[in-house]
1. If you split all Cα-Cα distances of the range 27-91 into 5 Å bins from zero, what percentages do you get per bin, shortest first?
2. Quick query: amide H of Val29 versus all other amide H atoms, modeled in the peptide plane; which residues come in under 5 Å with a sequence gap of 5 or more or a different chain?
3. Quick one: order Leu68, Leu75, Leu23 by neighbouring beta-carbon count within 10 Å, fewest to most.
4. Return the distance in nm (one decimal) between the two label points of a simple spin-label model at Asp58 and Arg70, each offset 7 Å from Cα along Cα→Cβ.
5. Assuming 0.36 nm per residue, please report the length gained on full extension of the stretch Ala81 to Leu42 beyond their Cα-Cα distance.
6. Given labels modelled 7 Å from the Cα in the Cβ direction, how far is it in nm from Asn50 to Val29?
Amino acid sequence: MNSGRFETGFQSPATHAADRHRLVVRARVQDMRIAAIWQVLLPFSANVENVDITTSPDSGFEEVAIALVRTRRELLDSIVARFNSMSWVTSTKLC
């Protein structure tokens, strides 16, 4: 079940670092829905710089880390809200 937990390390500095963000979507092992992640990201595909998938069976979780560039805060918020509405997502983290 989705805890709706949202973690953020987001700060809005006036430097170029504000152009880069990392979004981590976490799910239990074998609950990750890669196709659903791409459906959420499709409208922002030009902003996706890198995707890294990590499975840690010992911890019981899988994570997808998405590096985004040049993405407005309101779009980031909408992406996070979409992921948090999905029952298989245990948490999201934006940094």
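Derivation of every value follows stated rules applied to the coordinates shown; laboratory data play no part. All of these numbers come straight from a predicted model, not from anything done at the bench. Heads up, the Cβs are rebuilt from the backbone with ideal geometry, glycines too, and the neighbour counts pull from every protein chain shown.
1. So the P(r) values, bin by bin, are 4, 16, 28, 25, 17, 8, 2, 0.
2. Amide H neighbours of Val29, under 5 Å, 5+ apart: Phe61, Glu62.
3. On the way: Leu68 20, Leu75 14, Leu23 24.
Going from least to most buried by this count: Leu75, Leu68, Leu23.
4. 4.1
5. Working: separation 39, 0.36 × 39 = 14.04 nm, distance 1.53 nm.
My answer for the length gained is 12.5 nm.
6. For Asn50 paired with Val29, the spin-label model returns 2.6 nm.
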